[in-house]
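K.L.:
Can you keep this structure in mind? I'll have questions shortly.
The values are calculated or read from the model by the stated rules, or taken from the named source; none is laboratory data. The shown structure was predicted, so the numbers you read here are calculated from the model rather than taken from an experiment. FYI the Cβ positions are ideal-geometry reconstructions off the backbone, even for glycines, and counts take in every protein chain you see.
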Amino acid sequence: MKGNEASKMPKRSKPSRRYFVFVRFFWLFLASATACFGAAPMGWNSWNSFANIVNSQIVQEQAEALASNGMKEAGYEYVVIDEGWWLGARDAAGNIVVNHKQWPAIQPGQKDGDMSNIAAYIHSLGLKAGIYTDAGRDGCSMYPDSGPKLPNTGSEGHYDQDFLQFSNWGFDYVKVDWCGGDKERRSGAVQYAQIARAIQKAKKITGRNLYFSICEWGSQNPWFWGPGVGGIESTIWRTGGDIIPPVVESLHDPEHDKRVITADNVLQSFDAGLHPEAQHTGYYNDLDMMVMGMRGMTNSLDRVHMGLWAISSAPLMVGSDLTRLSPATLSLLTNREALAIHNDPYGLQPIKVDEPSPGIQIWVKPMAIAGRRAIGILNRTDASTQVKINWEKLGLKGTPKSLRDVWNGANVKTANGTVSVPALDVVLLVVDGDDKSPEEYPANRDSITGMKATHGPTFAILHYANTSGHVVVLPVKSTSGLFTALALPPTVGSEAGAIGLILPHGTAELSFEPEQVEIRNLDLYAW
Ligand code: GLA
């Protein structure tokens, strides 16, 4: 976070071919049923390493690195330009005006000062382009990391105009910050719903989707209202402040020179990001841009970062300077087995099933293949340890069929389930076994009631059909006081849809309008 951030921030066998084919078909099914459902976005964001010195040259170099270093092949696709691209000027008609030198023509025939130049360049590399604004009148350039304070870098009063402009320029992704909204004491749920509608209007006109990234730092509990906000088909919401203030290596000023990432920075973002009841296919808690390989990050901390973000199905937006990544960092970022965990079609967060001693935590993510779980054994202490996994606690019957060590790409013997975890590290595993039978809750006329998550957050699968052609958002309430919304993508014809979800501790109830959506039943896996 920046100097005056306090005011800003309320601060197995090798996964089988069948599995990859299944994942592919699951997504093809969702893609045919909906416009843009998918795993959480993957890509690069300019903020962490370039802050507000971002310009066309930097973005081109980073996009080239992404396209050529193996990340693109691994699925990283967005190149997002964060704060600093726009200095707050508009023309008489209210259109955004940018600095000609910062965003010059790249190809013959282009005009200086036109953001379509950079969007087209990014597209020419087979990547997607992202841009940034603020939900308020002023943006975060009122609290710049370096350089002058700039007012009016927000979109309030211009939502329809700006989001149409972004789409016309060719952008595919927009991150919307909250500095102005926070300063004006706006309601995040209201502003972001208006923005979601402006994005959908723009799409009707241009035919281009803008992926919606909500960034209000968790200040107004976006996990309660984020899923389906304003009818949007897919979105992410930040759950906390910035992992770190940007580390701009080229600035060489005392402020930047003293910034070093610590294990606490990474672990705090993970802890703040856990809202498993709010997350499911298409709607994701955003733990913040990644700082892999940046100043202070060691190999083991890189593993902790990658492992926790992957098992959380969090957005993997890398904020590092991609031209300086070490082979070790790059190999973690492109580890196919970790990415398969990240891209699991249910897109759920993990549940902590055990903490055998303080700081030794077993996190388990339910996956879309029956009997499969990803396991993250996190050692937050500075001593190595041996951990015994109790399969019962993972909702599995008996000893599992197979266990895979993701980092080493090797099978592990499952017989005694004992794993060594080095100090401040994470071991990432995929286990295949047999699920214990679920408890079935049939739907009543307009609700499913009495769903008991007795031991804590509990995995469930909801079976439904939604032939309305649009997302239907259902409220879920729990006696724990937690409530959230479940967004159901459309299904086609008589096809049933299945959404994996995590119910909060307590007794939950889900209600719906039978005219809108057919809810069949819910299977609850009480681990
Ligand atoms: C906030 C956001 C960051 C980044 C900066 C830009 O701090 O949380 O991700 O966008 O603003 O100022």
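K.L.:
Among residues belonging to region 61-84 that are touching a Phe, Trp or Tyr at 6+ places or on another chain (Cβ under 6 Å) and in a helix (DSSP H, G or I), point out the one that is nearest to Pro490 (Cα to Cα).
P.N.:
Looking at the filtered set, the residue picked out is Leu66.
K.L.:
What single numbered condition from (1) at pLDDT 95 or above; (2) within 16 Å of the ligand (Cβ to nearest atom); (3) in a loop (DSSP other than H, G, I, E, B) fails to hold for Ser141?
P.N.:
Unmet condition: (3).
K.L.:
Residue check: is Thr385 modelled with pLDDT of 95 or more, surrounded by fewer than 19 Cβ atoms within 10 Å (Cβ to Cβ) and either under 27 Å from the mean Cα position of the chain (by Cα) or over 20 Å from Leu522 (Cβ atoms) (or both)?
P.N.:
Working: modelled with pLDDT of 95 or more: yes; surrounded by fewer than 19 Cβ atoms within 10 Å (Cβ to Cβ): yes; either under 27 Å from the mean Cα position of the chain (by Cα) or over 20 Å from Leu522 (Cβ atoms) (or both): yes.
So Thr385 fits the description; yes.
K.L.:
Identify, please: which residue in region 109-133 is of a type in the set (Gly, Ala, Ser) and more than 12 Å from Phe171 (Cβ to Cβ) and is, among those, nearest to the ligand (Cβ to nearest atom)?
P.N.:
Our first condition is that a residue be of a type in the set (Gly, Ala, Ser); within region 109-133, this holds for 109, 113, 116, 119-120, 124, 126, 129-130.
Retained after the next criterion (residues that are more than 12 Å from Phe171 (Cβ to Cβ)): 109, 113, 124, 126.
Details: Gly109: 32, Gly113: 22, Ser124: 26, Gly126: 25 Å.
Out of the qualifying residues, it is Gly113.
K.L.:
Residues of region 78-100 being under 21 Å from Pro144 (Cβ atoms) and within 16 Å of the ligand (Cβ to nearest atom), which ones?
P.N.:
Val80, Ile81, Asp82, Glu83, Gly84, Trp85, Trp86, Leu87, Gly88
K.L.:
Mind telling me which of the residues Val176, Val190 ends up being over 24 Å from Glu64 (Cα atoms) and crowded, with 23+ Cβ neighbours inside 10 Å? Don't jump to the end; show me each part of the working.
P.N.:
On the way: Val190 fails: crowded, with 23+ Cβ neighbours inside 10 Å.
After ruling out the rest, the residue left standing is Val176.
K.L.:
Among the candidates Leu332, Leu322, which residue alone is surrounded by 24 or more Cβ atoms within 10 Å (Cβ to Cβ) and within 30 Å of Asn69 (Cβ to Cβ)?
P.N.:
Working: Leu332 fails: surrounded by 24 or more Cβ atoms within 10 Å (Cβ to Cβ).
Leu322 is the lone residue from the list that is surrounded by 24 or more Cβ atoms within 10 Å (Cβ to Cβ) and within 30 Å of Asn69 (Cβ to Cβ).
K.L.:
What are the residue pairs meeting all of these: first residue in region 121-139, first residue under 30 Å from Ala189 (Cβ atoms), second residue in a helix (DSSP H, G or I) and basic (Lys, Arg), Cβ atoms under 8 Å, and 6 or more apart or on different chains?
P.N.:
Gly136/Lys183; Asp138/Lys183
K.L.:
Right, here's the next one. Looking for whichever is within 16 Å of the ligand (Cβ to nearest atom) and among the aromatic types (Phe, Trp, Tyr) here; the options are Trp103, Trp47. Which one fits?
P.N.:
Numbers: Trp103 fails: within 16 Å of the ligand (Cβ to nearest atom).
Only one candidate passes the filter, namely Trp47.
K.L.:
Still on this structure: What helices (runs of 4 or more DSSP H) completely inside region 229-347 contain at least 1 residues that are among the small types (Gly, Ala, Ser) and in contact with a helix residue (DSSP H, G or I) (Cβ under 8 Å, 6 or more places away or on another chain)?
P.N.:
Numbers: elements: 254-257, 263-272, 299-311, 327-333, 336-342.
So the answer is 263-272, 299-311, 327-333, 336-342.
K.L.:
On the basis of being within 20 Å of Tyr284 (Cα to Cα), out of contact with any Cys (no Cβ under 8 Å at 6 or more places or on another chain) and assigned to a loop (DSSP other than H, G, I, E, B), does Pro475 make the cut? It would help to see each step written out before you state the result.
P.N.:
Details: within 20 Å of Tyr284 (Cα to Cα): yes; out of contact with any Cys (no Cβ under 8 Å at 6 or more places or on another chain): yes; assigned to a loop (DSSP other than H, G, I, E, B): no.
No, not satisfied.
K.L.:
Any residue in region 212-223 that is among the charged types (D, E, K, R) sitting within a Cβ distance under 7 Å of a residue that is near the ligand (Cβ under 10 Å from one of its atoms) and at pLDDT 95 or above? List the pairs, counting only those 6 or more apart or interchain.
P.N.:
Within 7 Å, the pairs are Glu216/Trp178; Glu216/Arg238.
K.L.:
Taking Arg197, is it surrounded by fewer than 21 Cβ atoms within 10 Å (Cβ to Cβ) and part of a helix (DSSP H, G or I)?
P.N.:
Numbers: surrounded by fewer than 21 Cβ atoms within 10 Å (Cβ to Cβ): yes; part of a helix (DSSP H, G or I): yes.
Spelling it out, Arg197 is indeed surrounded by fewer than 21 Cβ atoms within 10 Å (Cβ to Cβ) and part of a helix (DSSP H, G or I).
K.L.:
Among the residues of region 355-377, are any surrounded by fewer than 18 Cβ atoms within 10 Å (Cβ to Cβ), among the acidic types (Asp, Glu) and over 28 Å from Val247 (Cβ atoms)?
P.N.:
Scanning region 355-377, I find at least one residue that is surrounded by fewer than 18 Cβ atoms within 10 Å (Cβ to Cβ), among the acidic types (Asp, Glu) and over 28 Å from Val247 (Cβ atoms), so the answer is yes.
K.L.:
Looking only at residues that are within 10 Å of the ligand (Cβ to nearest atom) and over 17 Å from the mean Cα position of the chain (by Cα) in region 209-256, which one is farthest from Leu322 (Cα to Cα)?
P.N.:
Within region 209-256, the match that is farthest from Leu322 (Cα to Cα) is Pro245.
K.L.:
Would you mind finding the one in Ile351, Ile311 that is buried (at least 24 other Cβ atoms within 10 Å of the Cβ), among the aliphatic types (A, V, I, L, M) and out of contact with any Asp or Glu (no Cβ under 9 Å at 6 or more places or on another chain)? Before the answer, list the steps.
P.N.:
Values: Ile351 fails: buried (at least 24 other Cβ atoms within 10 Å of the Cβ).
From the options Ile351, Ile311, the qualifying one is Ile311.
Rundown of residues vs (1) at pLDDT 95 or above; (2) out of contact with any Leu (no Cβ under 7 Å at 6 or more places or on another chain); (3) of a type in the set (Asp, Glu), yes/no style:
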{"site": "Trp169", "(1), (2), (3)": "yes, yes, no"}
{"site": "Arg185", "(1), (2), (3)": "yes, yes, no"}
{"site": "Ala193", "(1), (2), (3)": "yes, yes, no"}
{"site": "Tyr211", "(1), (2), (3)": "yes, yes, no"}
{"site": "Ser219", "(1), (2), (3)": "yes, yes, no"}
{"site": "Gly228", "(1), (2), (3)": "no, yes, no"}
{"site": "Ile232", "(1), (2), (3)": "no, yes, no"}
{"site": "Arg238", "(1), (2), (3)": "yes, yes, no"}
{"site": "Asp253", "(1), (2), (3)": "no, yes, yes"}
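K.L.:
Assess whether Gly136 counts as being part of a loop (DSSP other than H, G, I, E, B), farther than 23 Å from Ser56 by Cα and within 16 Å of the ligand (Cβ to nearest atom). Even if it seems obvious, please write down each step before you answer.
P.N.:
Details: part of a loop (DSSP other than H, G, I, E, B): yes; farther than 23 Å from Ser56 by Cα: yes; within 16 Å of the ligand (Cβ to nearest atom): yes.
It is true that Gly136 is part of a loop (DSSP other than H, G, I, E, B), farther than 23 Å from Ser56 by Cα and within 16 Å of the ligand (Cβ to nearest atom).
K.L.:
Then there's this: Just one of (1) buried (at least 19 other Cβ atoms within 10 Å of the Cβ); (2) out of contact with any strand residue (DSSP E or B) (no Cβ under 8 Å at 6 or more places or on another chain) trips up Thr454, so point out which.
P.N.:
Single failed check for Thr454: (1).
Rundown of residues vs (1) in contact with a strand residue (DSSP E or B) (Cβ under 7 Å, 6 or more places away or on another chain); (2) closer than 23 Å to Val476 by Cα, yes/no style:
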residue: Ala196; (1), (2): yes, yes
residue: Val229; (1), (2): yes, yes
residue: Pro254; (1), (2): no, no
residue: Leu274; (1), (2): no, yes
residue: Asp302; (1), (2): no, no
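K.L.:
Then there's this: Just checking, how many residues over region 271-290 are surrounded by 24 or more Cβ atoms within 10 Å (Cβ to Cβ) and either charged (D, E, K, R) or within 12 Å of the ligand (Cβ to nearest atom) (or both)?
P.N.:
6
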